[in-house]
1. Can we say Arg270 is in contact with a Phe, Trp or Tyr (Cβ under 8 Å, 6 or more places away or on another chain), without any contact (Cβ under 8 Å) to a residue 60 or more places away in the chain and surrounded by 18 or more Cβ atoms within 10 Å (Cβ to Cβ)?
2. Does the stretch 114-150 hold any residues that are assigned to a loop (DSSP other than H, G, I, E, B), aliphatic (A, V, I, L, M) and within 26 Å of the chain's Cα centre (by Cα), and which are they?
3. Give Ser53, Ser62, Ser40, Ser58 a once-over and let me know the one that is on the phi < 0 side of the Ramachandran plot, open to solvent by less than 20 Å² (accessible area, probe 1.4 Å) and modelled with pLDDT of 95 or more.
4. Go through the stretch 293-376 and tell me which strands (runs of 3 or more DSSP E), entirely inside it, have 3 or more residues that are within 16 Å of the ligand (Cβ to nearest atom) and crowded, with 24+ Cβ neighbours inside 10 Å.
5. Could you grab me the full set of residues in the stretch 207-220 that are among the polar types (S, T, N, Q) and open to solvent by less than 10 Å² (accessible area, probe 1.4 Å)?
6. Of all the residues that make up the stretch 377-403, how many are over 23 Å from the mean Cα position of the chain (by Cα) and open to solvent by less than 20 Å² (accessible area, probe 1.4 Å)?
7. Looking at the structure I just gave you, is Ser135 among the polar types (S, T, N, Q), farther than 24 Å from Ala203 by Cβ and crowded, with 16+ Cβ neighbours inside 10 Å?
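The values are calculated or read from the model by the stated rules, or taken from the named source; none is laboratory data. The model shown is predicted, which means the values in this text are computed figures rather than measured ones. Cβ placement follows ideal geometry from the backbone for every residue including glycine, while neighbour counts extend to all protein chains displayed. For accessibility, only protein heavy atoms count, side chains too; no ligands or nucleic acids. Shrake-Rupley method; radii C 1.70, N 1.55, O 1.52, S 1.80 Å.
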Amino acid sequence: MMKKNFCLIFLTYLFFINYSEAQKIIQRDVSIEQMVKEVSTDSLKAYINKMVSFGTRSTLSSTTDKKRGIGAAREWVVQKFSDFAKNSGGRLTAFVDTTTLLADGRRIDANVNLGNAMATLKGTDPNDDRIYIISGHLDSRVSNVMNRTADAPGANDDGSGVAAVVECARIMSKHSFPATIIFLAVSGEEQGLLGATYLADKAKKNNWNIDAMLNNDIMGSNNSNETGIIDNTRVRIFSEAFSVQDTGRTALNIRSLGLENDGRARQLARYVKEVGERYVDNLEVVMIYRNDRFLRGGDHTPFVQKGYAAVRITEMNENYNHQHQDLRTEKGVIYGDLVEFMDFEYLRKNTAINLACLANLAKASSVPQEVKVDVRNLTNSTTLSWKAPNNGSAKGYYILMRETTSPIWQKKIFTSQTSTTMPYSKDNYFFAVQSVNESGNESLPVVPTVGR
Ligand SMILES: [Zn+2]
């Protein structure tokens, strides 16, 4: 008996690797590494210069002028997507998804033809309905959000996010993924998240299986106005703790099991931190435990409100002199969202974390099914069980483990089985299970439900 126990413990320890060690041991997927290397500061700069050249991209500006306004801008985005589609083997389709918004007397003072520029990279597995979205907002603004004529360059807000979307589309459309990826440049963000709300409603109505949504808004500059902090080695990811959809029994579970830090958006944020830092050097992804910043909103929120895992990626230190400002100089201070304040190397890194995460998710098998923790007995160990994912083939699974007070997963344990017993008390740790395929791409984690 002694011997058997010893053996069990020994074997168990063989499988266990400390999380930070695991991060070093886990190899980068060569194809993702290659795609990350293709992210180009020159491309990003060219996209932003082009977007700025439309003068204003106010949602209320002209949709018919060929040179100036939101209409010309969205046509340009779709043209880029269409160019990329030529090298996609017929899998990338580009279009402007339009709707008419009636004047509401608030931030829409006349009927508006609202259009989201989109490209869909269809997944190669016909049975796999997972969708991953990367988004930025194409519209820009000056001090008065109703001003549709003044120059509103919007280089960073949100030329940076749209440039990231276009660059990911350029690189990723040459590759194939089992799951579907949507590249999205919405309109109407500054008028009240209108384009994102329109799409989130549509997604919910049509039962789209959106597994993750990455909203990129203001992520290409790095110096704050107040303190002069310059920091292009850190980027923030905002995530809500758990969804407003989590009511009734789910909410009871969250309270009784202490799962208030394990909602879908929070899990996605942890995933972006881990996978983003795996592929992008000299960049720390800083998790912020709230859905968004004070006094500001973002396009992930309509998706969060529909119960999807959606997060916001934003630079570390914002410069408010360069956001939502009329172009002007006062007492030697330049106001306005101009290209000259951009840091394209920082934007390259932030684009690359998006690409790495989207690629890793879209290549991975779907999540393991029926993940359960056995609570039949009082034990100082943990027994987990699960079933294979619905889509894709899993080489095995990662058990993720952390202390209840830890913000990030601390151990990552590989197993090829679909159950495991570990010498760690289920009372003292949080666990989750990911599926992992041959090339090492892991799914989002699934927190176990209480089962037998
Ligand atoms: Zn914005």
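1. It is false that Arg270 is in contact with a Phe, Trp or Tyr (Cβ under 8 Å, 6 or more places away or on another chain), without any contact (Cβ under 8 Å) to a residue 60 or more places away in the chain and surrounded by 18 or more Cβ atoms within 10 Å (Cβ to Cβ).
2. The answer is Leu138, and nothing else.
3. Working: Ser53 fails: open to solvent by less than 20 Å² (accessible area, probe 1.4 Å); Ser62 fails: open to solvent by less than 20 Å² (accessible area, probe 1.4 Å); Ser40 fails: open to solvent by less than 20 Å² (accessible area, probe 1.4 Å).
Every option except Ser58 fails the conditions.
4. Correct list: 310-315.
5. Residues satisfying the conditions are Asn215, Asn216.
6. Number of matching residues: 4.
7. On the way: among the polar types (S, T, N, Q): yes; farther than 24 Å from Ala203 by Cβ: no; crowded, with 16+ Cβ neighbours inside 10 Å: yes.
So Ser135 fails the test.
This table checks each residue for (1) part of a loop (DSSP other than H, G, I, E, B); (2) more than 18 Å from Asn360 (Cβ to Cβ); (3) without any contact (Cβ under 8 Å) to a residue 60 or more places away in the chain.
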position	(1), (2), (3)
Ser385	no, yes, no
Tyr397	no, no, yes
Leu400	no, no, yes
Trp409	yes, no, no
Gln417	yes, yes, yes
Lys426	yes, yes, yes
Phe431	no, yes, yes
Gln434	no, no, no
Ser439	yes, no, no
